[in-house]
Each structure stands twice: as structure tokens, then as C-alpha cells.
Amino acid sequence: KFRKNVLLSFVAAASLIAAAPAALATTFKMAIGDAAGGTQWELGSSFAKNLEQKTGGKHKVDLFPNGQLGSEEDTVNNAAMGVLDFSILAVNNITPFSPTVGLLTMPYVIQSADDAKKLTQGEVGKELTENTIRDAGVRIVGWAYSGFRVLTNSKKPVTTLDDLKGLVIRVPKNEIMIASYQAWGVNPTPMSWSETFTGLQQRVVDGQDNPYITVSAMKFYEVQKYVTNLRYIFSLEPLVVSESVFKDQKPEVQKAILDAGHEATEHSFKYLLETEEKIKKDLVARGLQITEPADGEKEWIAKATTTVWPKFYKSIGGKEKLDRALQTLGR
Ligand code: MLT
């Protein structure tokens, strides 16, 4: 009997040893604000694939889309506390925690996908990453490029600022975006992203703005009818890692995280260029009616830049930060 027990425990120990490599694998959790299928999802799945490859399968990432792990703002707090590993959220929803990031949501600063790339991947992006580590306890390791935020609503075609009157527009809880609509003559309704679809569906709000790809991933075409092709903010969505989780990793894993993020960012840029037009067509086929802002958006631009920019010089770290960004963009 004794020999049999010894044999059994030997078998048990051997199976434990055999199971050891799997047990050593770490599975990180990644929160994603949007539904699966948008630019956030694309960045997150590309990152997960890259990280797994670079660590020989030792580090995996489980993706939780559609705000399953809380509002985008909650995920920043949770990552800062180290109870969540990664999050992908819109840059406008990280700004309340690290105001200098607001530079990237200043209306009409970014005028193309290339501008967006230049700012996020150059000196400006590097500095903003350092600031978010300091202010919010999270490190930006990648970016999703999502395209311009277009205005959608359920009531009427909007081409002029006058048309905006009478519409209840949802905005993120972002002071710069609230101020932009105020400059255009309306009082928007700040609302969490995780509540927006229901808000539109129940007609608590008439409209909102987000990129075409996001409008599609979130199925907003089911509850919206009209689109105004605005270009006031180019949507950027950082992939952040909890700084305390990052610091706990071995140097080679930290490097794998940074490299995986860099490659996923490149993938995101290509994805945008290849996908946006197709999605725009699909949205039209689903019944959305797209109109161009009258007067080449001149009135929208003038009102937003002259009244909004000066209000936020202080929070973005001084007028010189905006001047430097514009200079980087050759303006
Ligand atoms: C928002 O409108 O709150 C965000 O930009 C949505 C997003 O994360 O895609």
C-alpha cells in the first residue's frame, strides 16, 4: 500500500511539473470601451497577438469589449490602482485625469491622419505619455487611429450652426468638447460612453459625435439618421497599461509590451486607411444620410478656435504647447 501511495504521489508531482509551463503563463485583462469590431478592438487584438508571439506564449491578453469592465473613466482608475492591467479608451476620456492630454482634443489642431501620427509618435506624444504616468498612473503603449469625429443625430440634417439649435447632443465628460459645442451656440449633455447607446435609443439625447468606424461598431445606425461630416477632432484612442503592473514585469516583458504596442499602432494606422471608406459606404447603405457642413466648415472652425483654444491654454500646460504642436505639423 505504501509503495502504491508513493507511486501515486510521484505521478501527481510529475503531472504538476508537466503542467508548470501553462501555470506560469500570465493572462492580462484588457478593458475595451467600444464594442468588438471597431478600431479599439483592432488595436487590442493586434497587441494581444504580438505580445503572445514575442513572449513565446507566456503572456496572453483577454479582451473585454463594450465597457464590460466599467466606463472608460473607471478603467483608468482601476489600472492606476493595479487591479486592471490594460485599457483602450478614447483620449478625451483620459484628459480629466491628465489635463495636458487635452492638447489632442483641441478642435481643428489635427487635420489629417498623418497629423495624428506625427503628434502621437513624435516628441509631443512622448511628453504626454510621461505626463499620464505622473498624473494618472497609466502608461500609453499604443494608439488607435480612429478618424474624424462626425456628428450624428436622429432628427434633421445639420449643415450650419443654426441647424444645431434645438438638438440635444451627447458629449464625453470632456471640458474642451463641452466648450466646443458651447462656442457653436448649444449646451451639450455630458454622458459616459457606456451609457450613450441607451441614451440615443431612449431619446434622452438626439445626437453625438464619433468616428465612422465607431458609429458602425456601436450600431448607432439603428438609432441615428443624419451625419454631418465634421473634422473638428481626430479621434485617438490610447492603449494604456497600469504603471504598477508594468513596473512589476521583467525587463524583457516590458520590452515585449512596448514593441507589441508599437507594432499594433502601425497596424491601427493601416486599418484606418483601408477600412474607413468602406464603412462609410456601408453606413449609407444602412440608411444614414451624410451631409457636408456648409461653407467648408469655416464658421465652425472660426468659432471653435477663437473661443475654445484660449480657454484651455493653461490646462494643456501653456500656449507654447499648442504652438509647438502646430509647428510640428508645419503650421
Ligand atoms: C466617447 O465618445 O466617449 C469616446 O470617444 C468613445 C470611444 O471610446 O470610442
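The values are calculated or read from the model by the stated rules, or taken from the named source; none is laboratory data. Small disclaimer: the values here were computed from a predicted structure and weren't measured. Every residue, glycine as well, gets a Cβ built from its backbone with ideal geometry; the counts of neighbours run over all protein chains shown. Heavy atoms of the whole protein, side chains included, go into the accessibility calculation; ligands, DNA and RNA do not. Shrake-Rupley method; radii C 1.70, N 1.55, O 1.52, S 1.80 Å.
Numbers at a glance
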| quantity | calculated |
| --- | --- |
| The chain: angle of helix 123-136 to the longest principal axis, Cα-based, in degrees nearest 10 | 70 degrees |
| Residue (of Gly261, Phe234, Leu322) at the positive-pole extreme of the stretch 206-328, dipole from beta-carbon charges | Leu322 |
| Estimated translational D of the stretch 69-137 in µm²/s (Stokes, Kirkwood radius over Cα pairs; 20 °C; 1.002 mPa s) | 169 µm²/s |
| Cα long-axis angle, helix 72-81 against the chain (0 to 90 degrees, to the nearest 10) | 40 degrees |
| Neighbour-limited loop hits for trypsin sites (Lys or Arg not before Pro), the stretch 251-325 (at most 14 other Cβ within 10 Å; DSSP other than H, G, I, E, B) | Arg286, Lys314 |
| Portion, in percent, of the accessible area of the chain that falls on carbon or sulfur, probe 1.4 Å | 54 percent |
| Rg to Rh quotient for the stretch 39-95, alpha carbon positions, Kirkwood Rh | 0.99 |
| Distance histogram in 10 Å bins (all Cα pairs of the stretch 192-271, percent per bin) | 14, 33, 25, 20, 8, 0 |
| Rel. contact order, % - alpha carbon contacts under 8 angstrom, at least six apart, the chain | 25 percent |
| Alpha-carbon radius of gyration plus Dmax, which is the widest Cα pair, for the chain in Å | 22.3, 92 |
| Computed FRET value (nearest 0.05) for Asp162 with Val204, which takes r as the C-beta separation and R₀ as 41 Å | 0.95 |
| Alpha-carbon centroid distance for the pair the stretch 30-86 / the stretch 156-213, whole angstrom | 27 Å |
| Fully extended contour minus Cα-Cα distance, from Gln254 to Ile290, at 0.36 nm per residue | 8.5 nm |
| Kirkwood Rh in Å, taken over the stretch 128-226 so that all alpha-carbon pairs contribute | 14.7 Å |
| Compactness of the stretch 225-331 as Cα Rg over 2.2 N^0.38 Å, two decimals | 1.51 |
| Probe 1.4 Å, accessible area per residue of the chain, Å² | 45 Å² |
| Projected label distance in nm at Asn66 and Glu222, using a 7 Å step from Cα toward the beta-carbon | 0.9 nm |
| Distant-in-sequence amide H partners of Gly142 (H built 1.01 Å from N, under 5 Å) | Leu239 |
